[in-house]
Structures are given as structure tokens and as C-alpha cells.
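Report on one structure; see the data block that follows.
The values are calculated or read from the model by the stated rules, or taken from the named source; none is laboratory data. All figures in this text were calculated on a predicted structure; none of them were measured in a lab. Note that we place each Cβ from the backbone using ideal geometry, even for glycine, and neighbour counts take in every protein chain shown. Ligands, DNA and RNA are stripped out before the accessible areas are found, and what is left, the full protein with its side chains, is counted by its heavy atoms. Shrake-Rupley method; radii C 1.70, N 1.55, O 1.52, S 1.80 Å.
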Amino acid sequence: MAQKILIVDDVRDIVHLLESYFRRAGYQTMTALSGAEALEKASAKPDIILLDVNLPDMDGFEVCRRIREGVSCPILFLTARIEDSDKVKGFAVGGDDYVVKPFSLEELGARVAAHLRREVRRSAAMSVRFDDELMINYTDRTVTVRGQELNFAKKEFDIIEFLSQNVGQVFDRERIYERVWGYDSEGDSSVVSEHIRRIRVKLSNAGAKPYIQTVWGVGYKWVR
């Protein structure tokens, strides 16, 4: 089955160009010209999303944040913005990569393919792990505490996956950032702390014990 790609941009010519390119490459394409339309189309569970930062009704960061409430697929920002603060903001709301306009279609296609290959490898890596109260299904990318399924954004689950598969090992923020965001990402490892804070809040609200511990001055580790 062809993988689904959602293309979001308010410039029709760009949308048509990308739609044509990815259709020829064998993808099933969906398109949106606004943030509201993107949120509607995202409910169809695309495999990857190309998201313009500058949209007429809301910016791409807000769209990404809302999409992350129910969709875990990779999100690649398309933008002319190159400020570090924008990159950090994009990663913090759940983005996976930045592609700066103007861009090469071949490079964009290669990045999309790389992210999708990574998703396939992750989904096939492991199935389910249990302890007394927590179940992590690495294939379905779900976390259940005492029978209640919790909602984690993609990067939050990626951090859970990485730490829980390396129980007891301590990782600093830079190592976690490299593992989850990628070695070539141009962001700031400070976003790791915010993601871990949100993970802890969600686990705590569900009555789970503190699985992620801080090793002061060093980093974080997962404990049983």
C-alpha cells in the first residue's frame, strides 16, 4: 500500500508541484491550503506531513502542536525562516525536521524517504514490554498505565522508547537529543527537558511511579 503524505502550504503552485512530484514517486497525496484544513486532513492518519510555517489562519507551529495531540507521524516544516529560535520552537511543538525554502525536490524527497524508513525500523524493532503497572507497545507506539492508554506526542514517545530500552543507563540531554532528533538536526538540546517534563506529568496524572529519574549534573535514566 502506498504511503500517505499530507502537503500543507498556502501557495497553490507549491502544493501542485509537490503533489505532482510525490505522486510520481509512488506516494498517496493529500493537500491543504490552510491550518484548519490541515487539521481536518490529519485525521486521515498520514504517514508523513510537509507543513509550511506561514499559513493564513494560524502558523505552522500551532498546527503542529494541535496535530501532535493525536498523530505521531513525522512532521517536516517547510519554511523561509532560519532563526535558531524558530527551529527550537518547531522542535519543541513536535516537529521532526526543517527544510528551508527554496529547496531541491530531490533533497526533500530523500528526507521524506529517510524519515519513513526510520519509522518502519522503529515499528518493527520491538513489540511489547510489561511491568506491574506499565505496558509499552513499541510496534503500536502506545503506553498504557493500569489499563489506561496515555496520549504522547511523537517525540515524547521516542524519548520513552529510547530510555525504556536502556534501563538504568544515564544519558545527558545532548545524547538524548541526538538519538531522538537526529545527529544533523539544528536545534537545541534544551527541548529535551521540556519533553521529559511533559512525559512525567502525564505518567504522574495516570498514577504511575516516576520511571524517568534525574541524575543531577549528568542526565536522565529509566528505572523499573
Legend entry - Answer from GLU83, GLU106, GLU40 - the residue that is more than 21 Å from LEU116 (Cα to Cα), at pLDDT 90 or above and of a type outside the set (A, V, I, L, M): GLU40
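Table: residues versus (1) of a type in the set (Asp, Glu); (2) open to solvent by 20 Å² or more (accessible area, probe 1.4 Å); (3) over 20 Å from ARG68 (Cβ atoms).
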{"residue": "ASN151", "(1), (2), (3)": "no, yes, no"}
{"residue": "GLU156", "(1), (2), (3)": "yes, no, no"}
{"residue": "VAL167", "(1), (2), (3)": "no, yes, yes"}
{"residue": "VAL170", "(1), (2), (3)": "no, yes, yes"}
{"residue": "ARG175", "(1), (2), (3)": "no, yes, yes"}
{"residue": "VAL201", "(1), (2), (3)": "no, yes, no"}
{"residue": "ASN205", "(1), (2), (3)": "no, yes, no"}
Legend entry - Residue under evaluation LEU18, criteria (1) buried (at least 21 other Cβ atoms within 10 Å of the Cβ); (2) of a type in the set (A, V, I, L, M, F, W, C); (3) modelled with pLDDT under 95; (4) part of a helix (DSSP H, G or I), criterion not met: (3)
Inset, instruction - Among what's in the range 113-130 and is exposed (fewer than 14 other Cβ atoms within 10 Å of the Cβ) and of a type in the set (A, V, I, L, M), pick the residue that is modelled with the lowest pLDDT. - result: ALA125
Legend entry - Residue in the range 137-149 that is most open to solvent (accessible area, probe 1.4 Å), counting only those that are part of a loop (DSSP other than H, G, I, E, B) and more than 19 Å from ARG179 (Cα to Cα): ARG146
Legend entry - Residues within the range 146-205 that are touching a Ser or Thr at 6+ places or on another chain (Cβ under 6 Å) and under 19 Å from VAL223 (Cβ atoms), tallied: 1
Inset, instruction - Being closer than 19 Å to VAL112 by Cβ and either of a type in the set (Gly, Ala, Ser) or out of contact with any Leu (no Cβ under 8 Å at 6 or more places or on another chain) (or both) is the filter here, so list the residues in the range 43-68 that pass it. - result: ALA44, LYS45, GLY60, ARG68
Legend entry - First in the range 97-109 and of a type in the set (Asp, Glu), second anywhere and surrounded by 13 or more Cβ atoms within 10 Å (Cβ to Cβ) and not in a helix (DSSP H, G or I), Cβ under 6 Å, 6 or more apart: ASP97/LEU76
Inset, instruction - Filter the range 28-73 down to the residues that are touching a residue at least 60 places away in the same chain (Cβ under 8 Å) and either over 14 Å from the mean Cα position of the chain (by Cα) or within 18 Å of GLU106 (Cα to Cα) (or both), then identify the one that is surrounded by the most Cβ atoms within 10 Å (Cβ to Cβ). - result: LEU50
Inset, instruction - Consider only pairs whose beta carbons are under 7 Å apart and that are at least six residues apart or on different chains; among these, list those whose first residue lies in the range 152-172 and is under 21 Å from SER190 (Cβ atoms) and whose second residue is in a loop (DSSP other than H, G, I, E, B) and among the charged types (D, E, K, R). - result: ALA153/ARG68; LYS154/ARG68; PHE157/ARG141
Inset, instruction - Please verify whether the range 180-189 includes one or more residues that are surrounded by fewer than 16 Cβ atoms within 10 Å (Cβ to Cβ), closer than 19 Å to LEU134 by Cα and in contact with a strand residue (DSSP E or B) (Cβ under 9 Å, 6 or more places away or on another chain). - result: no
Inset, instruction - Answer with yes or no whether GLY94 is closer than 22 Å to ARG118 by Cα and in contact (Cβ under 8 Å) with a residue 60 or more places away in the chain. - result: yes
